[in-house]
Amino acid sequence: MRTQTQTKPQLNDIQIIQDVLSSEKSLAKMYMNAILESSCPKMRKVLGDVHMEIADKQFKCFEYMSQNNLYPIEYADSQKLTDAINKYAEL
């Protein structure tokens, strides 16, 4: 009796980089939560350092995607941006 071989779904390059970016964002959020919940100054420092490393990796991933047209950026309307800056500058 022959067994049928099952093919595993393969991720393409775009799916992989999107997954990496999503994972880095999730990690950054988790580390930020850990920092906020920690009462030990030394632990907060360690977590903060790791958080910045993750944030840097996330930004590099974003830059790669942006440079390769894999992360479309919609720029804000200039007037709306100015209005938002003025609104929050008053606070």
- Message: Let me confirm something: among Ser39, Ser23, which residue is more than 15 Å from the chain's Cα centre (by Cα) and either modelled with pLDDT of 95 or more or in a helix (DSSP H, G or I) (or both)?
- Response: Ser39
- Item | Verdict on Gln6 being modelled with pLDDT under 95 and either at negative phi or among the small types (Gly, Ala, Ser) (or both) | yes
- For segment 1-20, how many residues are among the polar types (S, T, N, Q), under 19 Å from the mean Cα position of the chain (by Cα) and surrounded by fewer than 13 Cβ atoms within 10 Å (Cβ to Cβ)? 1
- Item | segment 4-16 residues that are in a loop (DSSP other than H, G, I, E, B), paired with ones that are at pLDDT 90 or above (beta carbon under 9 Å, 6 or more apart) | Leu11/Asp19
- Does Lys45 satisfy the criteria of being modelled with pLDDT of 95 or more and over 17 Å from the mean Cα position of the chain (by Cα)? yes
- Query: Taking segment 53-80 as the region of interest, how many residues are more than 26 Å from Leu21 (Cα to Cα) and modelled with pLDDT of 90 or more?
  - Reply: 2
- Message: Could you list, ordered by first residue, the pairs with Cβ atoms under 7 Å in which the first is in segment 17-42 and in contact (Cβ under 8 Å) with a residue 12 or more places away in the chain and the second is among the basic types (Lys, Arg), at least 6 apart or interchain?
- Response: Glu24/Lys57; Ile35/Arg44
- Message: Being farther than 13 Å from Glu53 by Cβ and hydroxyl-bearing (Ser, Thr, Tyr) is the filter here; which residues of segment 27-43 pass it?
- Response: Ser38, Ser39
- Task: Being assigned to a helix (DSSP H, G or I) and surrounded by 11 or more Cβ atoms within 10 Å (Cβ to Cβ) is the filter here, so list the residues in segment 61-91 that pass it.
- Result: Cys61, Phe62, Glu63, Tyr64, Met65, Ser66, Leu81, Thr82, Asp83, Ala84
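The values are calculated or read from the model by the stated rules, or taken from the named source; none is laboratory data. Just so it is clear, the structure is predicted and the values come from calculations on it, not from any experiment. Because the Cβ atoms are built from the backbone with ideal geometry, glycine has one as well, and the counts that use them run over all protein chains shown.
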